[in-house]
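Shown next, in C-alpha cells, is the structure this report addresses.
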Amino acid sequence: MNNIELSNLIYPDIEKTASDYEAMYPARNLPEGARVTRLGPSPTGFIHLGNLYGAFVDERLAHQSGGTFYLRIEDTDDKRFVENAVETIISSLEFFGINFDEGVTADGDIGSYGDYTQSHRGEIYRTFAKKLLAEGWAYPCFLTEEEISKIREEQEALKLAPGIYAGWSKYRDWDKDPEVASEVEERIKAGDSFVIRLKSQGTPNLPAEELKRTTVVDAVRGKLEVPENFQDIVIIKTTGIPTYHFAHAIDDHLMRTTHVVRGEEWLPSLPIHVELFKALGWETPIYCHTAQLMKIGEDGNKRKLSKRKDPELSLDYYRSQGYHPACVREYLLTILNSNFEEWRAENPEADIDEFEFTTEKMSSSGALFDLNKLNDVSKNTLLHIPAADIACFLKSWSEEFAPEYEYVFRDMEKLEKILDIGRHDARPRADLVYARQIMEFIGYFFDEAFEVKDELPAEAAADAHEILKRYLESYDHSDDNEVWFGKIREMAVDMGYAAKPKDYKKNPDDYKGHVGHVSTVIRLAIVGRAQSPDVWTIQQIMGEDAVRSRIERSL
Ligand code: GLU
C-alpha cells in the first residue's frame, strides 16, 4: 500500500480534489487593498465583550477598505453546542451595529464562499485530509488514550517535550514497516477508530539556540519569531470532525480571508498554523492577535475579565442595563485605538466611521476595560443623539427588559422634553448615561415613581409648611423663569431669609438662611431631591395640575 492507496482506503467516497475547491472558491473580485475578515464564534450560548471587541476590529478593517466581513459559525466542538446560540450571536452583534456582508444570517447563508457553518463542511475537510494523506503529509494514528498517557510518562522521565511526534507513534512511519502497514490496512478495513495526524517536518526537542524560526508579521504585534512546530497534531478527530487548527486553515484559505483577527490565546498555536498552511501549499493570512480584555481587580491589580466574577463581560449586561449601542461602540474604540480620544476631541460631531482605525494603534499588552470610563463616554455620546431617538431607544429597551416602566412611554412628546432638559445649554447637562439610570433619574416626573429622597434643609425645615403654602397661593404657571424666581426671592426676604447666599454667609446671624434654602424646600416638594435640573423647566413640562398636586401632597 502506498500513500495514495491509503488515502483511497480511508476516504473512498471523496471524489472532488483540492483544485475543484480552488475553482469553486476563486480569489475574490475586490479592489486592491480590500480586506476580507471574518468572525468565527463558537455557538456556546455566551457572547461576550471579547467577541464584540474582535468583531469591531474585523468590521472596521473590512469596511474601511471596501472589503468583505463575514460570519462563520465554528461548531466543530460538538460538546459545546447550545440551542439558539447562533440566533443570539447574530442578534447581539446586530444590536451593537456589527453588520456582516456575508455568511450565516437569520435567514440562511448569504454569499458564494459557503457553506459558512463548519459542521456542514465535512466533505471539504475530508478532501484536504485525503490530499495530505496522499502526499505523505498526514497519517492515521491508532494510539489509544492509555498508550498516549504512557508515552507522556516516558517523555516526562526523559525530560522531553510531551506529545506525539517523530519517534513516538509507530503509525507515523507505517510505510517503512510492512507489519505496521498491514496492521493499518486491516484496522481501517475493520472500522477501528483512529485520528488523522499531521506528519510534521519539524525537528523535535532542539535546544533553544538551534530552534528554527519563521518570521510572521502580526498586524497588531509586529514581527513575531515563530518557532518551528514538530508536533503531529490531530487534524481529524476520531469522530471524523476536524480540529480547530485544520478547519481554520482550510476555511480561511477557501473563503479568501486576508486578515485573521483573533484573541491572543491563539498565539501558542501559531507554529502549528504556519506548518499547516505550508503543508496545504497556501500562504498564511495576516494575523491580528488582539490583546486580552483586562480590568483593575479588587486588589488594585490588572486581571483578565472573568465570566464568573464580572457580569460586564457578557454582552447581555449592556443590553439589559440599556446602554445605547452608539455608546458601546464609542467606548470600544477608545480602548481599541490609542489615538481615538484625541481624534474625537478634535472632531466632536463627526460620524464615528470617519475615524481611521488601524491595527498598529492597538495595544498588544492588554486592553483595560473600565465601567466608569464607559459611563463617561456614554454621557457624552448621548449628548449627540437627538432626544426623539433616545426616547425610541428607551421604549424598545423597556419593552424587552423592563416593562415595569411602561408609564414612562405613555406620552412620548413629554418624554422627549424631559430627556432634553439642559442639553442645549452653553454648558450642556450630561445627566443621561444608560436606560436603567435614566429611568431612575427622570422618575420624579411620574407619580408612579415619585418619592422624596432628600431631607429638608435645616435652615428652612421649620418654615417648610409656610413656604409651600405661600408658594401655592402665588403660583402662576404662565410666569416666566425670571418672574417665577423673583417671587420666590420676595417670599424668602419676607420670611427672614437672605436674598443672596453671599449675604447670608457674611452675616449669618441676621437671617434664618438664604433664598437657596427656601427654593430647596420647593424643589423637594416637586422633584423629591435636593439636586435636579432647573425647577421652572421641570414644572413647565409637568403641567400646572401636576405641580399643584405635588405641592398639595407635601402640605
Ligand atoms: N472559534 C474560535 C473561538 O471561538 C475562533 C477563533 C478564530 O477566530 O480563529 O475561539
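Leaving out ligands, DNA and RNA, and with a 1.4 Å probe, what % of the accessible surface on the stretch 33-80 is carbon or sulfur?
Numbers: 560 of 1340 Å².
It is 42 percent, rounded to a whole number.
For the stretch 423-508, max minus min Cα coordinate along each principal axis, in Å, sorted largest first?
Sorted from largest, the Cα extents of the stretch 423-508 read 43, 32, 30 Å.
Contact order normalised by length for the chain, with contacts defined as Cα pairs under 8 Å and 6 or more residues apart; what percent is it?
11 percent.
Any idea what Rg and Dmax come out to for the stretch 17-159 if you just take the C-alpha atoms, in Å?
So, for the stretch 17-159, Rg and Dmax equal 19.4, 56 Å respectively.
Label-point separation (nm) for GLU455 and GLU156, each offset 7 Å from Cα along Cα-to-Cβ?
Calculated label separation equals 6.6 nm.
Calculate, axis by axis, the spread of Cα positions in the stretch 255-396 along the three principal axes, and write the results as whole Å, longest axis first.
58, 38, 31
With an 8 Å Cα cut-off and a minimum separation of 6 or more residues, compute the relative contact order for the stretch 205-364 in percent.
Value for the stretch 205-364: 21 percent.
Under 1.5 on a/c is rounded, so check that first for the stretch 398-437, then, if it is not, pick prolate when a/b is larger than b/c and oblate when it is not; a ≥ b ≥ c are the square roots of the alpha carbon gyration tensor eigenvalues.
oblate
Given a Förster distance of 35 angstrom, what is the FRET efficiency for ARG427 paired with HIS477, based on the Cβ-Cβ distance and rounded to 0.05?
Efficiency at R0 = 35 Å is approximately 0.80.
What is the sum of charges around TYR70, taking Lys and Arg as +1, Asp and Glu as -1, for the other residues whose C-beta is under 13 Å from the C-beta of TYR70? Don't skip to the end; give the middle numbers.
On the way: positive: ARG28, ARG35, ARG38, ARG72, ARG256; negative: ASP58, GLU59, GLU74, ASP101, GLU102, ASP109, ASP115, ASP251, ASP252.
Local charge sum for TYR70: -4.
How many angstrom separate the Cα center of the stretch 445-496 from the Cα center of the stretch 351-414?
Computed from Cα coordinates, the inter-centre distance equals 35 Å.
Have a look at the DSSP beta bridges in the chain and tell me what percent are antiparallel, nearest 5.
Working: 20 of 36 bridges.
Antiparallel bridges make up about 55 percent of those DSSP assigns within the chain.
Which links in LYS150/LYS170; LYS373/LYS502; LYS212/LYS304 stretch past 26 Å when you go from one Cα to the other?
Cα-Cα > 26 Å for LYS373/LYS502; LYS212/LYS304; rest within.
Distance between the C-alpha centers of the stretch 252-312 and the stretch 122-147? Whole Å please.
Cα centroid to Cα centroid, the span is 26 Å.
With a 1.4 Å probe and every protein chain left in place, work out the accessible area per residue of the stretch 156-224 in Å², rounded to a whole number.
Values: 4060 Å² over 69 residues.
Heavy-atom SASA per residue in the stretch 156-224 reads 59 Å².
Expressed as a rounded percentage, what relative contact order does the stretch 175-256 have, with Cα pairs under 8 Å and six or more residues apart? Provide the component values of the computation, followed by the final result.
Values: 72 pairs, mean separation 23.6, N = 82.
Taking the mean separation of contacting Cα pairs over the length of the stretch 175-256, I get 29 percent.
Write down the accessible area per residue of the stretch 409-454 in Å², having rolled a 1.4 Å probe over the full set of protein chains.
55 Å²
Amide H of THR68 versus every other amide H placed in the peptide plane: which residues, excluding those fewer than 5 positions away on the same chain, fall under 5 Å?
Those qualifying (amide H under 5 Å, at least 5 residues apart or on another chain) are ARG35, VAL36, THR37.
Count the net charge of all other residues whose Cβ sits under 9 Å from the Cβ of ARG423, scoring Lys and Arg as +1 and Asp and Glu as -1.
Numbers: positive: ARG429; negative: ASP420, ASP425, ASP431.
Around ARG423, the surrounding residues sum to -2.
Enter the per residue convex hull volume of the chain, computed from alpha-carbon coordinates, in Å³ rounded to the nearest integer. Walk me through the intermediate numbers first.
Values: hull volume 115.7 nm³, N = 555.
In the chain, the Cα convex hull volume per residue is 208 Å³.
Would you mind counting up the charge near TYR511? Only other residues with Cβ under 14 Å from its Cβ, with Lys and Arg at +1 and Asp and Glu at -1.
Values: positive: ARG489, LYS500, LYS502, LYS505, LYS506, LYS512; negative: GLU459, ASP463, ASP494, ASP503, ASP509, ASP510.
Here the charged neighbours net out to 0.
Would you work out if the stretch 315-444 is rounded, prolate or oblate? Take a ≥ b ≥ c from the square roots of the eigenvalues of the alpha-carbon gyration tensor; rounded if a/c is under 1.5, else prolate when a/b is larger than b/c, oblate otherwise. Provide the component values of the computation, followed by the final result.
Values: a/c = 2.50, a/b = 1.67, b/c = 1.50.
Cα axes put the stretch 315-444 in the prolate bin.
Expressed as a whole percentage, what fraction of the accessible surface of the stretch 405-549 belongs to carbon and sulfur atoms when a 1.4 Å probe is rolled over the protein heavy atoms?
46 percent
Determine the share of the stretch 337-391's accessible area contributed by carbon and sulfur atoms, expressed in whole percent, with a 1.4 angstrom probe.
Carbon-and-sulfur percentage of accessible area, whole number: 43.
Sticking to Cα atoms, compute the Rg of the stretch 440-555 to one decimal and its Dmax as the biggest Cα-Cα distance, whole number, in Å.
13.8, 43
Need the C-alpha centroid separation for the stretch 46-62 versus the stretch 200-217, integer Å.
32 Å
Report the equivalent ellipsoid semi-axes for the stretch 68-225 in whole Å, largest first, defined as the square roots of five times the eigenvalues of the gyration tensor built from alpha carbon atoms.
Working: eigenvalues 285, 113, 54 Å².
Sorted largest first and rounded, they come to 38, 24, 16 Å.
In square angstrom, what is the accessible area per residue of the stretch 44-155 with a 1.4 angstrom probe?
Working: 4690 Å² over 112 residues.
Each residue of the stretch 44-155 exposes 42 Å² on average to a 1.4 Å probe.
Please list, ordered by chain and number, the residues whose modelled amide H lies under 5 Å from the amide H of ILE235; skip anything fewer than 5 residues away on the same chain.
Hits under the 5 Å cutoff: ILE196, ARG197, LEU198.
State whether the stretch 204-279 is rounded, prolate or oblate according to the following rule on the C-alpha gyration tensor (a ≥ b ≥ c being the square roots of its eigenvalues): a/c under 1.5 gives rounded; otherwise a/b larger than b/c gives prolate, and the remaining case gives oblate. Intermediate results must be reported in sequence, preceding the final value.
Working: a/c = 2.17, a/b = 1.18, b/c = 1.83.
Cα axes put the stretch 204-279 in the oblate bin.
Dipole magnitude of the stretch 420-555 about its Cα centre, charges +1 at Lys/Arg Cβ and -1 at Asp/Glu Cβ only, in debye to the nearest 20?
440 debye
The values are calculated or read from the model by the stated rules, or taken from the named source; none is laboratory data. Because the structure is a prediction, the values reported are computed rather than measured. Ideal geometry is used to build each Cβ from the backbone, glycine not excepted, and the neighbour counts take in all protein chains shown. These accessible areas exclude ligands, DNA and RNA; they are computed on the full protein's heavy atoms, side chains included. Shrake-Rupley method; radii C 1.70, N 1.55, O 1.52, S 1.80 Å.
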